Amino acid sequence: MKTVKTILIQEYEYPHEHSRHAIFAVLATSLFFISTDNMHTLVHKLDKNIKWWSIYGFLLGFFYFFSSPFLGRTIQPSYSNFSRWYVAWLLIAAVYHLPSFHTMGVDIRMNLSLFLTLFLASVLALLAFHITFLGLWYIGVAARLAGKRPEILTILQNSTVLSIACCVFYSHCGNTAANKAKAKSAGRQWSSSLLFDDARSWNLTGWGGWPQMQEVKEQVCNNWLGPVGSARDYPVFSKWVLYGEMVCNEACVDASDNISPVYSLWATFIGLYVANYVVERSTGWALTHPDPDPEKLQQSTETNPEFLDMVPWYSGTSADLFKTAFDLLVSVTLFVGRFDMRTMQAAMTQAQQNGNKKEGHLYSHFSVRKELWFDFMADTGDGGNSTYSVARLLAQPYLRVPDKDNHYRTLPRANLLIVGGDLAYPNPSTFSYEERFFRPFQYALQPPRWYRPEHIAVQKPELPAGVTSLQQYDGPQCFAIPGNHDWFDGLDTFMRYLCHRSWLGGWLLPQEKSYFALQLPHGWWVFGLDQALHGDIDVFQFKYFVDIISTKMGQDDSVVIVTHEPVWLLDWYWGGSTGKNVAHLIKEHLKGRCRLRMAGDLHHYMRHSAVPSNSTPAVQHLLVNGCGGAFLHPTHVFAGFKQFLGSTYDGMSAYPTISDSRKIALGNILKFRKKNWRFDVIGGMVYFILVFSMFPRCHLERVFSEEDSLVGHAKQFWTMLGLAFMEMLENSYVSVAGFSILLFLCILFVPVKVSRRKRIIIGLLHVGAHLTAAMVLMLLLELGIETCVRHQLLGNTGYHTLYDWYMSKENDHFPDPTGLRARIEFWTLGFYPACLKYLMAAFDIPEVMAVTRSNICKHGVDTVPRGFVLAYYVSVFLYYWVFSTPVVSIVFGSYLYCCINWFHLHFDEAFSSLRIANYKSFSRCHITTKGDLEVYTLAIDKVPKEWALDPHWEAEQASQKGALSHVLEYPSQWTPVGLYKERNCNVRIIDQFVIERRQSTKDTPDTPR
């Protein structure tokens, strides 16, 4: 029972999620079989012809997987709506040509043609109404709200829903004008007593005494939604309506004069829309119901935080990612080494020191305290849920958390927060800093009420009233170093937001430069280094820290060095050597006083400690914690690290664990498209270019040979695939060019960690998988079209098959004795029937594809007009897009999985694709009264996705107006809901250790816990 519950509601730990696709497929198939009256007939006719079952499985399967990322949730409503309508259009257009519906006695051509007719009529009618209403507003007859134009998508959606409703009514009730005594000339003026009289006469032989469905259906169609009357009842409108079919037991002498119930239902819906629109914008109603102020409405209805989703790194439509690539190119080629912001800061600091203004980047106000708590986090500002989850924990007055032995500890809020770079993703723009970094922190700990975001801090620190120095301020403070993403614009945004603003939420920002030195109690120091984009400090920064070491620091002091990049792991992984200036600073000047080195950049937690030996290690502990809010990185890739600066290290802790990290990588196969549906733009275009020249495949006779068995058909299929590949190499320019470019990019995409030979082999295998998949899909699509053509289901009567069929049936089912259609055609100069004709042709994409394909195969592509050739390739692309996008995601995701787990390649690409918001952590450090440094790393395994306004926070805001947020018991605005009944999201200690205070110049051993 527990297993069933786990599968259905997915309460298990990420990433071990079972796919529910199979469950949905089984349920859908079961409902289809149960609801089919002629199932035995269908099976009897199709059991010996597997091709139709294959076509149905191919269509439904690929359309389902194409739509799967959007099922049950809204992803950018515009794209989600487009996807739903796009899938419905192409699927219905394809399925109605297949034989199963005809086998079951169902012909949906009338419903399709009627839907398109009503849709076009609805769009034209609503557009005419809106144009008229805007004209009345323009001359001053209508109210001012009439000038508020409706969105065209709203008109299209209303027209679609209206048309579907009429088609559903027609499917169940038809368009009959029943010759019954109860259908009196009074039209719809039947009394309720008549309906109850009919109910008394029902034959209650159904389930539980209920009437049989056929009788209920007759009552609904003939009485409740029956004809509104005849032309004699409404002589004024007799020439403006369509009429219903006449149904009588004996031969009908006269034609029906009853108004069509479908037409009357359509006119009723149009009338309701018009009436509702007019009332909402009429003078009296509009004046008594003015539009509310958007700002006040937002303030009064703010029930959810405005969090952004994780950055879509594989989006083919994101302008931010293209801007990020451009900024990176400019930063590397222009700023670093040519126009370096760090050089300017050094010059400004020297000028200030010459004027005896300050001590540069040194902050010593913490050194007078007896003990100190400080937090370290890095790589934040990605998804709003993950960033706020960490910021909220940082802001709490205290955290009561269990350790590995399930012993609870109470950790107070830190006096100091150190952020280790990469403050916002994907680039350091105003939008990303405001929305992805500052907003979550402001929700977690509000800035003072008098603070204004647009204020520029000219002279720091800007302290609250009554506080004269940093030593007197008892609130939390924040210092940050920039990461590589912060340098993409030459550090401009970082300087504006961190060095020229005074508050990050409720954290004071005394910092003025991008690097700093903090003097802490009991001889502890923190050096925050700015490594820019090449993983090292510049010479001016090197000189500044050397001066502090030689003039300010004692021989028994201890240093915590904070950098953005963990060069010890990255240099080991890439086989390089970076950060030479930092290494020289540590070995030649600190000389064993660097007790701990902390970094981010890699979005996981790993700690390595030096193996005890006779020599003193340059750095005793190496700690990486980049779990501040960004996507997760793997840990198993770096499990082999052992050596750094001549010392040997043991891996003490990893989060997530090595085994979990390997399992998480499996999500690339199962979830790549669900997480990266924007990749469709790139993948679909690439696959279509690869096979563009292969359409159409005119010679498929060998595959359709009746003599071959199933194995023979499969052999013929792969033979045709090989011939298509050879034809591409010999005759195709577009496909060969696409293949060559893709091959070059795939080889270039392989990390330089491996040799050139291996890169070429991996690139060839990668592009070969894509090319094979693209050609298989191309051949399957061509076989499906050829099958339908050979069975007279497609490509037999021209482009306007559906329109011609509808015209042949229209007068029979919708009589028009008054010539209304002819008058409409005359008044619109033939525009209306022409629009209907081409709308039906545009809807029937398979027919357009089959007819043009047949013409190209018979006469050659040069003899077919270019417009028809273009229409053919567009129609092919529409279906090929649906088939290719799920496959390209599976192929690319499988490539990433194999590389990350088998060859330890693409650790960045393989996990950024998963966009994992879970597994977040930060490190809380405590300098005790004895001078020891205790380090606790706190983590939350699963980040909340649902939040609610905290009632405790609201109560405190009302009762303690004007109080600084750090003195409140409940400082955070939002609290987790749903599965997270524990306010602190089940935070726990995943690692802890102690670094003892140096007693002499000799190194003392550390005590892990």
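Using a 1.4 Å probe over the heavy atoms of the protein chains, calculate the carbon and sulfur portion of the accessible area of the stretch 654-775 as a whole percent.
Values: 4330 of 6420 Å².
Carbon and sulfur atoms account for 67 percent of the accessible area of the stretch 654-775.
Which of the residue pairs LYS663/LYS945; LYS552/LYS920; LYS642/LYS674; LYS591/LYS930 have a Cα-Cα distance greater than 28 Å in the structure shown?
Among LYS663/LYS945; LYS552/LYS920; LYS642/LYS674; LYS591/LYS930, the Cα-Cα distance tops 28 Å for LYS552/LYS920; LYS642/LYS674.
Starting from the 7 Å offset along Cα-to-Cβ, what nm value, one decimal, do you get for the label separation of THR430 and ALA948?
Between THR430 and ALA948, the label points sit 3.7 nm apart.
What does the extension gain come out to for GLN459 and SER364, with contour length at 0.36 nm per residue minus their alpha carbon separation?
Taking GLN459 through SER364 to full extension adds about 32.4 nm, to one decimal.
If we sort 769-777, 914-922 on the protection proxy, mean other Cβ atoms within 10 Å, highest first, what's the order?
Working: 769-777: 20.0, 914-922: 25.0.
Per-residue Cβ counts within 10 Å, averaged per peptide and sorted highest first, yield 914-922, 769-777.
If I compute solvent accessible area with a 1.4 Å probe over the protein chains, what percent of it on the stretch 382-448 is carbon and sulfur? Display every interim value, and only then the final one.
Details: 840 of 1850 Å².
Whole-percent figure for carbon plus sulfur exposure: 45.
For ILE139 and LYS587, compute 0.36 nm times the residue count separating them, minus their Cα-Cα distance, and round to one decimal in nm. Please list the in-between numbers first.
Details: separation 448, 0.36 × 448 = 161.28 nm, distance 8.29 nm.
The ILE139-LYS587 span can extend by a further 153.0 nm.
Counting only Cα atoms, I'd like the Rg/Rh figure for the stretch 555-618, Kirkwood definition for Rh. Could the numbers behind the result be given before it?
Numbers: Rg = 12.4 Å, Rh = 12.9 Å.
Ratio of gyration radius to Kirkwood radius for the stretch 555-618: 0.96.
Given contacts defined as C-alpha pairs under 8 Å and at least six residues apart, what's the relative contact order of the stretch 894-995, whole-number percent? Walk me through the intermediate numbers first.
Values: 123 pairs, mean separation 28.5, N = 102.
Value for the stretch 894-995: 28 percent.
Which value, in debye to the nearest 20, describes the size of the charge dipole of the stretch 655-754 about its Cα centre when Lys and Arg Cβ atoms bear +1, Asp and Glu Cβ atoms bear -1, and nothing else is charged? Let's see the in-between values first.
Details: 11 positive and 8 negative charges, 181 e Å.
Approximately 860 debye in magnitude.
Of the listed peptides 575-581, 617-623, 404-410, what is their order by residue-averaged count of other C-beta atoms within 10 Å, with the highest listed first?
Details: 575-581: 14.3, 617-623: 23.6, 404-410: 9.3.
Most protected by this proxy first, the peptides run 617-623, 575-581, 404-410.
Calculate the FRET efficiency for LYS715 and VAL681 from the Cβ-Cβ distance with a Förster distance of 41 Å, rounded to the nearest 0.05. Don't skip to the end; give the middle numbers.
Details: r = 36 Å, r/R0 = 0.88.
E between LYS715 and VAL681, to the nearest 0.05, is 0.70.
Leaving out ligands and nucleic acids, note down the accessible area per residue over the stretch 801-870 with a 1.4 angstrom probe, in whole Å². The partial results should precede the final answer.
Numbers: 3810 Å² over 70 residues.
Dividing the accessible area of the stretch 801-870 by its residue count gives 54 Å².
Given a 1.4 Å probe, how much area per residue of the stretch 619-690 is accessible, in Å²?
Details: 2160 Å² over 72 residues.
So the stretch 619-690 comes to 30 Å² accessible per residue, rounded to a whole number.
Using R₀ = 22 Å, calculate the FRET efficiency as 1/(1 + (r/R₀)^6) where r is the Cβ-Cβ separation of ARG983 and LYS404; round to 0.05.
On the way: r = 22 Å, r/R0 = 1.00.
About 0.50, to the nearest 0.05.
Residues with amide H under 5 Å of ALA480's amide H, sequence separation 5 or more or different chain, H placed in the peptide plane at 1.01 Å from N; which?
For ALA480, whose amide H was placed from the backbone, the distant partners under 5 Å are VAL419.
Assign one of three labels to the stretch 405-480, namely rounded, prolate or oblate, based on the Cα gyration tensor with a ≥ b ≥ c the square roots of its eigenvalues; rounded applies when a/c is under 1.5, prolate when it is not and a/b is larger than b/c, and oblate otherwise.
Details: a/c = 2.02, a/b = 1.09, b/c = 1.85.
Judged from the Cα gyration tensor, the stretch 405-480 comes out oblate (a/c at least 1.5, b/c at or above a/b).
Which residues' amide hydrogens lie under 5 Å from the amide hydrogen of LEU504, considering only partners 5 or more residues apart or on another chain, with H built in the peptide plane?
Close amide H contacts, sequence-distant or interchain: LEU509.
Report the rotationally averaged projected area of the stretch 458-539 based on its alpha-carbon convex hull, in square nanometres. List each step's numbers first, then the result.
Working: hull surface 26.8 nm².
Seen from a random direction, the Cα hull of the stretch 458-539 projects 6.7 nm² on average.
Are there GluC sites (Glu not before Pro) in the stretch 864-952 that DSSP marks as loop and that have at most 16 other Cβ atoms within 10 Å, and which are they?
Values: sites: GLU909, GLU934, GLU946; in loops: GLU946.
Here the GluC sites (Glu not before Pro) that fit, given the DSSP loop and packing criteria, are GLU946.
Please list 3J(HN,Hα) in residue order for the stretch 956-961, calculated via the Karplus relation 6.51 cos²θ - 1.76 cosθ + 1.60 where θ = phi - 60°; whole Hz, with x for glycine and proline.
Working through the residues one at a time gives 5, 4, 6, 8, 10, 5 Hz.
Taking H as built 1.01 Å from N, whose amide H comes closer than 5 Å to the amide H of ASN918, not counting residues under 5 places away?
Amide H neighbours of ASN918: VAL943.
Using the heavy atoms of the protein chains alone and a 1.4 angstrom probe, what is the accessible area of the stretch 460-582 per residue in square angstrom? Before the final figure, lay out the partial values.
Details: 3560 Å² over 123 residues.
Value for the stretch 460-582: 29 Å² per residue.
Suppose R0 equals 35 Å; then what is the FRET efficiency for VAL546 and LEU470 from their Cβ-Cβ distance, rounded to the nearest 0.05?
Working: r = 25 Å, r/R0 = 0.72.
Approximately 0.90, to the nearest 0.05.
Among 474-481, 653-660, how do they line up from the highest to the lowest mean number of other beta-carbon atoms within 10 Å? Could the numbers behind the result be given before it?
On the way: 474-481: 21.8, 653-660: 18.5.
Ranked from most to least packed, the peptides come out as 474-481, 653-660.
The values are calculated or read from the model by the stated rules, or taken from the named source; none is laboratory data. Treat the numbers as computed from the prediction; the structure is a model and nothing was measured. All Cβ positions, even for glycine, are placed from backbone atoms using ideal geometry, and neighbour counts span all protein chains on display. Accessible surface is based on the protein model in full, side chains and every heavy atom, while ligands, DNA and RNA are left aside. Shrake-Rupley method; radii C 1.70, N 1.55, O 1.52, S 1.80 Å.
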